[in-house]
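Quick notes on the structure that follows.
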Amino acid sequence: MRIRIQFTKAIFTISLVAVSALQAKASIQSALSTTVAKFDSNVPADIKKQMIDDLAFMGTIKGDQVSGLHKEIFGAMNGDGYVTFFNDRVAKIGMNGCGSPIAVACVIPLMGSNKMWITQNYIKFSHPQIARLMVVYHESRHTEKKNGNWMHAKCPKPFVDEHGQPVKSIWTGAELAGEDACDVTPYGSYGSSTILLKNVAKFCSNCTEKVKQDANLYSNDQLKRVIDAQAHRKMVADFGQGSMLPGQRRGIQNPIPQGRRF
Amino acid sequence: MSRKNRVLAVSAAALLGAAVFFYYESSDKHAGEKVRTIHAQIDRTPQPDIMTMAHQDVLNVGQAAPIAAKSVKVLLSERAEAQLQMLHEILNSKNDNDPRLDSELKVLDEDLRKQMRAEYKAIRREKLNERGTVVFLLGRNLKTQEDFEFLNDVFSEPRCLSLENCSKESLVRDGERTHTSSVDAITLAYPQFNALLALEKVLKSKDASSDEKAWAEKVLSAARNSPVPEIASRADRVLAHLRTSSSQ
């Protein structure tokens, strides 16, 4: 009888310890994990690893200040916040050609608006890390069904820069006029990813000089895609600011319906 | 068995069951993430360690045009060897936020810079981030005329015509071309952008010597002939601003 009692107590204790240890392990893994999004089984290991590593980097970013627009969209410069932003929008990640041999990632609302599709170009193309993340966060914005997926606007005709020169793809020379490749709001995919990178460039306290320089370089070019004068001015003014955060984030409720492509 | 012991036994069994459940929950076998490779869709061309290629005489990697590289192995100090090894590790890791980029790799001695310049030429052209990173690091250590001449060489490179193959222009004419052209275009000229930014910093720096500024200005002047329009026009703007500032 006594042996039976002691045996039962021992089993109880061992089980308690085992459950506690496993729960602790799960918590630690969860804390270290940068994404809760499920990868489809056909996502190759190397692509999956790169994406996890990239999001892990986002999860480490810190800064004491952010601009007003960053505060509205992303909240604080806080790695957890950036990862939460992504995880709140992207539940699944799968492989897809995205309709183009040069695509890196896309969202196809008809195939699930909380799913991001990535292509082999995610690792095949040698983009700097922050540029890859700019694409990821650009696409994650397109999952927001309540905001009309932040569809792009048609670039104007003519489409000229501040020097009066036609805005072209700086490499292909293809003119962007008339293409669904612009935004009319700071809150769209081009705008928000530009705001993200500009803030990383200005305020990240634990980013390398390379990351910050890259963030500035890529965001400067993206800024040209925000064609509404007021929106553009708002962003330029925003980048000159920096405010200490009280720490509250709110969603954007009034999307401006735009064009078709994303 | 008394009631108390029955309760204890049931609790123990429940806890044991929970432990087994948590074990399987955390196991990768049941996470649905087992990966299958789809060979038909994915380019499985093995990508060699880009930096170990640097000591081979002729490199012909993947679909890129062959790059003949008579790489010179410069005699390096122990510290420089360690720095070079570190650089190889970081480039292969694709972690641009490795803090060593700003600590151990901040200051590069002349021999190391010479070795890095040689290795740069041996890196496959499509490895734009890797090449750009080397230019970035060297761009922080512009001390001698050779350092500036290297940047001139970077500006003189033929255009990289596409991200998948620098020797071949992309024939893609779909909407993605304009959707992501901002990102792609900068990456295609990423080494050149890093060279440009390094020279701008020298010209703005109060610590740069007059020789360094003169060399920087000379290289920027040559960059106005870059085959990349954005590089050429930006070099032009920087020089125009410089002349305006100096005449005031």
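The values are calculated or read from the model by the stated rules, or taken from the named source; none is laboratory data. Keep in mind that what you see is a predicted model, and the values were worked out from it rather than measured. Positions of Cβ are backbone-derived with ideal geometry, glycine not excepted, and every protein chain shown enters the neighbour counts.
Some observations on this one:
- Options A:10, A:31, A:18, A:26; residue that is away from every other protein chain (no Cβ under 11 Å) and modelled with pLDDT under 95: A:31
- Residue A:73 vs. criteria within 14 Å of chain B (Cβ to nearest Cβ), in contact with a helix residue (DSSP H, G or I) (Cβ under 7 Å, 6 or more places away or on another chain) and touching a residue at least 40 places away in the same chain (Cβ under 8 Å): no
- Just so you know, in the range B:222-234 the residues that are surrounded by 16 or more Cβ atoms within 10 Å (Cβ to Cβ) and more than 14 Å from chain A (Cβ to nearest Cβ) include one that is farthest from residue B:155 (Cα to Cα), and it is B:224.
Here's the yes/no breakdown for (1) more than 7 Å from chain A (Cβ to nearest Cβ); (2) in contact (Cβ under 8 Å) with a residue 40 or more places away in the chain; (3) over 30 Å from residue A:138 (Cβ atoms):
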position: B:163; (1), (2), (3): no, no, no
position: B:167; (1), (2), (3): yes, yes, no
position: B:170; (1), (2), (3): no, no, no
position: B:198; (1), (2), (3): yes, yes, no
position: B:205; (1), (2), (3): yes, no, yes
position: B:210; (1), (2), (3): yes, no, yes
position: B:213; (1), (2), (3): yes, no, yes
position: B:220; (1), (2), (3): yes, no, yes
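- Residue B:102 being among the acidic types (Asp, Glu), within 7 Å of chain A (Cβ to nearest Cβ) and in contact with an Asp or Glu (Cβ under 6 Å, 6 or more places away or on another chain): yes
- Check on residue A:132, within 13 Å of the chain's Cα centre (by Cα), crowded, with 19+ Cβ neighbours inside 10 Å and either within 30 Å of residue B:169 (Cα to Cα) or facing chain B (nearest Cβ under 8 Å) (or both): yes
- There is no residue in the range A:175-194 that is out of contact with any Lys or Arg (no Cβ under 9 Å at 6 or more places or on another chain), within 16 Å of residue B:230 (Cα to Cα) and at pLDDT below 90.
- Answer residue from the range A:86-101, given it is more than 10 Å from chain B (Cβ to nearest Cβ), in contact (Cβ under 8 Å) with a residue 12 or more places away in the chain and not in a loop (DSSP other than H, G, I, E, B) and is farthest from residue A:140 (Cα to Cα) among those: A:94
- When each of A:165, A:129, A:120 is tested for being farther than 14 Å from residue B:181 by Cα and at pLDDT below 85, the lone residue that passes is A:165.
- Candidates A:66, A:104, A:83, filtered to the one that is within 11 Å of chain B (Cβ to nearest Cβ), closer than 25 Å to residue B:98 by Cβ and either β-branched (Val, Ile, Thr) or surrounded by 21 or more Cβ atoms within 10 Å (Cβ to Cβ) (or both): A:104
- Matching residues, the range B:232-248, being in a helix (DSSP H, G or I) and either in contact with a Phe, Trp or Tyr (Cβ under 7 Å, 6 or more places away or on another chain) or over 21 Å from residue A:218 (Cα atoms) (or both): B:239, B:240, B:241, B:242, B:243, B:244, B:245, B:246, B:247
- Within the option set B:129, B:141, being more than 20 Å from residue B:79 (Cα to Cα) and polar (S, T, N, Q) holds for one residue only, B:129.
- Residue selected from the range A:205-237 under the condition at the interface with chain B (Cβ under 10 Å from one of its Cβ atoms) and polar (S, T, N, Q), by the criterion surrounded by the fewest Cβ atoms within 10 Å (Cβ to Cβ): A:206
- Taking every residue in the range B:102-124 that is without any contact (Cβ under 8 Å) to a residue 12 or more places away in the chain and pairing it with any residue that is part of a helix (DSSP H, G or I), at least 6 positions away or on another chain, the pairs with Cβ-Cβ distances below 7 Å are B:102/A:209.
- Being within 11 Å of chain A (Cβ to nearest Cβ) and among the aliphatic types (A, V, I, L, M) holds for only one residue in B:151, B:142, B:138, B:128, and it is B:128.
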